[in-house]
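This report concerns only the one structure given below.
Laboratory data are not the source of any read-out in this text; all were calculated from the coordinates shown. Bear in mind the structure is a predicted one, so any value in this text is a computation, not a measurement. Neighbour counts run over all protein chains shown; Cβ positions are idealised from the backbone, glycine included.
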Amino acid sequence: MRHAEVVKPENNRANGFAYEWKVNDNWIGLKAQTTGKLQNLRKKSIEEFVFEHYWGYTKQRNGAVKEYRVEHKPWRYWNVQNCEVDKAIMSFYGEPFVASLKRKPHSAFVAEGSQVKVYPGQKV
C-alpha cells in the first residue's frame with residue numbers, strides 16, 4: 001500500500017489524499033479532495049459509527065475467526081467535496097460491488113488517524 005497527502009502551498013494544509021494498493025503489478029486506489037477544517041466526531045453521527053470501532057475480526061487460514069481489541073484516541077475528520085475511484089477497483093472487488101462503486105457516494109470523509117494499539121486475538 002501507499003498513500004500521498006496533497007498540500008496547498010498558500011495555507012500549508014492538506015486538501016486531498018490518495019490511497020493505493022498494488023494488484024498484479026498495477027496500482028489501484030482512490031482519491032479524496034477534502035474541504036474545511038478538521039472536525040471532532042459528533043455523537044451518533046455516521047462518522048462516529050464508521051471510525052469508532054474497538055473490536056476487529058479476522059478469518060484464519062484454517063477457517064476459524066479471531067476477535068481482537070483495538071485502542072486509539074477518537075479520530076477527527078475532514079469532509080470530502082470530491083472523490084475519484086479508480087475503475088480497476090470494480091474488477092478487484094467483483095461484480096456484486098460494481099453498481100455501488102459506480103454511484104456517487106452518499107457520504108465521504110477522511111480520518112486524521114492516530115497511533116493504534118492492537119491486542120492479541122482470541123478465537124470466537
- Over region 75-91, the set of residues among the hydroxyl-bearing types (S, T, Y) and in contact (Cβ under 8 Å) with a residue 24 or more places away in the chain is Y77
- Go through region 30-44 and give me each residue that's on the phi > 0 side of the Ramachandran plot and either surrounded by 13 or more Cβ atoms within 10 Å (Cβ to Cβ) or outside any strand (DSSP E or B) (or both). K44
- What number of residues within region 66-115 satisfy the criterion of being surrounded by 15 or more Cβ atoms within 10 Å (Cβ to Cβ), among the aliphatic types (A, V, I, L, M) and more than 20 Å from W21 (Cβ to Cβ)? 0
- Item | Pairs with Cβ under 8 Å, 6+ apart, first in region 92-121 and closer than 30 Å to K37 by Cβ and in contact (Cβ under 8 Å) with a residue 40 or more places away in the chain, second surrounded by 10 or more Cβ atoms within 10 Å (Cβ to Cβ) and small (G, A, S) | A108/A32; V110/A32; V118/G56
